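What follows is a short report on a single structure.
FYI, it's all coordinate maths here, none of it is from the lab. These numbers were taken from a predicted model, which means no experiment stands behind them. So basically every Cβ, Gly included, is an ideal-geometry build from the backbone, and we count neighbours across all protein chains shown.
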Amino acid sequence: MIFKCKNCGGNSVYSPEKKMMYCPFCDSEKSDERQHEHAQMQVCPNCGGEVTYTEHTSALQCPYCDHYIIFDERIEGAYAPGRIIPFKLGKENVKGLIRDKFKKCTFAPTDFLSEVRLNTMTGEYIPFWMYNYNTRCQFQGEGVKRRVWVAGNVEYTESSYFHVVRDMSIAFQGIPADASVKMPDGIMDLLEPYNYGEMVPFQPEYMSGFLGEKYNMAAEMIESRAHAKMESSAATMLQQSISGYSSLTPANRSITAPPPGTEFDLLPVWVYRYTYKDKEYPFYVNGQTGKIIGTTPISKAKVWAYGATLWACLTAVIAMIGIMIV
Amino acid sequence: MENDFKKEAQRQYLHFFRIWFIIVGILLVVTVLVVVAKNMTYTSRERHNAQAPAERVYDYAEVLTDAEEEQLRELIAEKEARIGCDLVLVTMRQPVEGSAAKEAYGYRYTDWKRNMQDIGDDFYDNHFYGYNAPYGDGALILDNWYEGQVGTHLSTSGRIFERFGNQEIDRALTYVDKYIESDPYKAYSASINYIADVMSGGRTELRGIFLMLALLVPIIAAGVFVGTHLRSKEGKNTTTATTYIAGGKPVMNLQRDDFVRKHVSQRRIQTSSSSGGSGGGGRGGAHVSSGGHSHGGGSHRR
């Protein structure tokens, strides 16, 4: 499907700034109209140009007429996302954030923050599985509290032994794991957390103006990632609940959870793929919070030159102070 | 395009190091001024002693060539003007030990060390050395080449006596020991240079520390700089243990901390006491010469 402007026939897109559908061609708000529903996928329903898409693509931009096309088949039925966090930051906002963050990055190539390069940035809805766990943490063991004091020239150590029992329930909600093969897991983890309070029921309108994917794999296949996050968090909570002991010897410790409940949601990510010396340096920006993950390419020659200058300056300063004092 | 990038990179470079370049520039000016000022104060010292002879180098043992003697005189003249102290070198080849020597030369003692001290002090006093006044600021290096009684004595007086502790005296003599076998000229000039260094406020330990600082600190700082900038981090993990917990905290079903037993152990504390030594500077080897003048000094017998 394509969202067309009723007033001018242009492509209506979702505007993160206005938080509504908007036509950038005639400035109309909420003038959108769904057209070409369930059109065939190989050609652009607007211009007839041939479009290339992958196995998982659910939304793309026509390379000929720049219209954003949403594949109905891939947002319906089994692939229907439950909820979505619509893009909260528009491209201009994110460009500003990236500029602020890397302004001081002396060793990035000079065109890294150029307007032309930054404009290649795309907003993408990434498929996420959300896992809800009802976790039970149990602990039994021996805790020792030690007190040391000195009287005269004798040091006394008092050890008090306690039987420690803990039993707690933790309800985890929405531990995310990205269901996209092309997105690196570690990077997606670093983009967290998202504010789920702004999550809304899915509507295709939110996808207009952005790229998207359906989930690439079933929830069970990547559950281990969420499970690991759950376990580590539960272990921390358990440990925090047992405090004040000098030493602790566990006799029995368990963290268990029945199979989690899952939901399929879409989360917004801005992707800036910068290429330097034939190598790609991808940047990912949380489309809701603006958190930026990525490493700038570094000119090693530049770093060494700066290091050498720093060395020379320091040596000169110390030597001159030395000459004056000594 | 390529040129633009180069220009931009140059601009960034200058911008990045602007504070550093300014500091280095200012320091350079200040250093030049300080060095000039120091040199001016050195030359402004005036000698107040007309009684002492002009000669400073007495090579009775004839271990130096005429050219070397002349070079030493020049060196001493330069250093004297700088530090305002007389510097005298005496070499000799004469027994100073035993009763035969005592008889023959009219020494007060029979032992090497005390006689060397007497000879040095008396030579200094009898020639009225002292930059500020007779018997005043200065030092005398007495080097005996008599076989079996070879060694050096340093006699200090006035400001050098006040400044030189046993450590400095030992250092000055060690410079002689170090080179005397291979090159007597080098041995004496090194010792004279050291004395002048110490007297011109140049504390050689401090110089060593600065040398170490100048070598190590910049290398470490530049290394850390390069290291941190070559490695760049992708980003920080900003989730916490409670990020995905509904309500932000777990529900505690059961929490018990039951006291079981108590146990007290004791240990005798070993007490140890230690006392530190004390150090001091100046007035090393203080004594009064036969002429009644205060001297300091020490000797190294080889």
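Descriptive notes on the structure:
- Considering only B:M92, B:M252, B:M212, the mean-square fluctuation computed in a Gaussian network model of chain B, springs between alpha carbons under 10 angstrom, is largest for B:M252.
- Size-normalised alpha-carbon gyration radius of region A:127-295, reference 2.2 N^0.38 Å: 1.50
- Hydrodynamic radius by Kirkwood, which averages 1/r over all alpha carbon pairs of region A:1-74, in angstrom: 12.6
- Inter-probe distance in nm under a simple model that places probes 7 Å from Cα toward Cβ, at A:M20 and B:R114: 11.3
- Counting, for every residue in A:149-160, the Cβ atoms of other protein chains within 10 Å of its Cβ and taking the mean gives 4.
- For region B:89-183, the fraction of C-alpha pairs farther apart than 16 angstrom is 58 percent.
- Karplus-derived 3J(HN,Hα) values for region A:264-270, using 6.51 cos²θ - 1.76 cosθ + 1.60 with θ = phi - 60°, are 9, 10, 10, 10, x, 9, 8 Hz; glycine and proline are entered as x.
- In the structure shown, the pairs A:K95/A:K277; A:K182/B:K6; A:K30/A:K91; A:K182/A:K279; A:K182/A:K300; A:K300/B:K6 are assessed against 26 Å; a Cα-Cα span above that value is assigned to A:K182/B:K6; A:K182/A:K300.
- Chain B: most fluctuating residue of B:I76, B:I22, B:I141 per GNM, C-alpha cutoff 10 Å: B:I22
- In terms of its Cα atoms, chain A spans 94, 71, 33 Å along the principal axes, sorted from long to short.
- Ellipsoid equivalent to region A:108-205 - semi-axes via the Cα gyration tensor, in Å: 52, 26, 11
- Of the GluC sites (Glu not before Pro) found in region A:1-86, the ones in coil according to DSSP and having at most 14 other Cβ atoms within 10 Å of their Cβ are A:E17, A:E37, A:E55, A:E76.
- Longest exposed-site-free window of chain A, the sites being trypsin sites (Lys or Arg not before Pro) in a DSSP loop that have at most 11 other C-beta atoms within 10 Å: A:105-276
- Sequence-separation-based contact order of region A:253-326, relative, with Cα cut under 8 Å and 6+ spacing, percent: 17
- Top of B:N237, B:N253, B:N126 by mean-square fluctuation, Gaussian network on chain B, Cα under 10 Å: B:N253
- For region B:94-161, the set of trypsin sites (Lys or Arg not before Pro) satisfying both a DSSP loop assignment and a count of at most 15 other C-beta atoms within 10 Å is given as B:R108.
- For the protein assembly as shown, Kirkwood radius (reciprocal of mean inverse C-alpha pair distance, Å): 33.9
- B:I26/B:K178 FRET efficiency (R0 35 Å; Cβ-Cβ; nearest 0.05): 0.30
- Cα-projected label distance for A:Y53 with B:Q12, points at 7 Å along beta-carbon direction, nm: 4.0
- Working note: 222 nm ellipticity from helices only, DSSP H runs with n ≥ 4, each -39,500 (n - 2.57), summed and divided by the residues of chain A, gives -6500 deg cm²/dmol to the nearest 500.
- Cα long-axis angle, helix A:223-241 against chain A (0 to 90 degrees, to the nearest 10): 30
- Share antiparallel - DSSP beta bridges, chain B, percent rounded to 5: 60
- Per residue, the convex hull spanned by the Cα atoms of chain B amounts to 326 cubic angstrom.
- Averaged over the residues of B:28-35, the number of partner chain Cβ atoms lying within 10 Å of the residue Cβ comes to 3.
- Applying the criteria of a DSSP loop state and at most 13 other Cβ atoms within 10 Å to the GluC sites (Glu not before Pro) of region B:136-224 yields B:E147, B:E181.
- Pairwise FRET efficiency - B:A246 versus A:D278, Cβ, R0 = 41 Å, nearest 0.05: 0.30
- Normalised by 2.2 N^0.38 Å, with N the number of residues, the alpha-carbon radius of gyration of region A:1-153 equals 1.73.
- Counting, for every residue in A:105-112, the Cβ atoms of other protein chains within 10 Å of its Cβ and taking the mean gives 3.
- Helix-only [θ]222 nm of chain B, DSSP H runs n ≥ 4, -39500 (n - 2.57) each, per residue, nearest 500: -16000 deg cm²/dmol
- FRET efficiency, 1/(1 + (r/R0)^6) with R0 30 Å, evaluated for A:S232 and B:R261 via beta carbons: 0.30
- Across chain B, C-alpha contacts under 8 Å between residues 6 or more apart give a mean separation that, scaled by the residue count, equals a relative contact order of 20 percent.
- Here the contact order of chain A, divided by its residue count and restricted to Cα pairs under 8 Å and six or more residues apart, works out to 23 percent.
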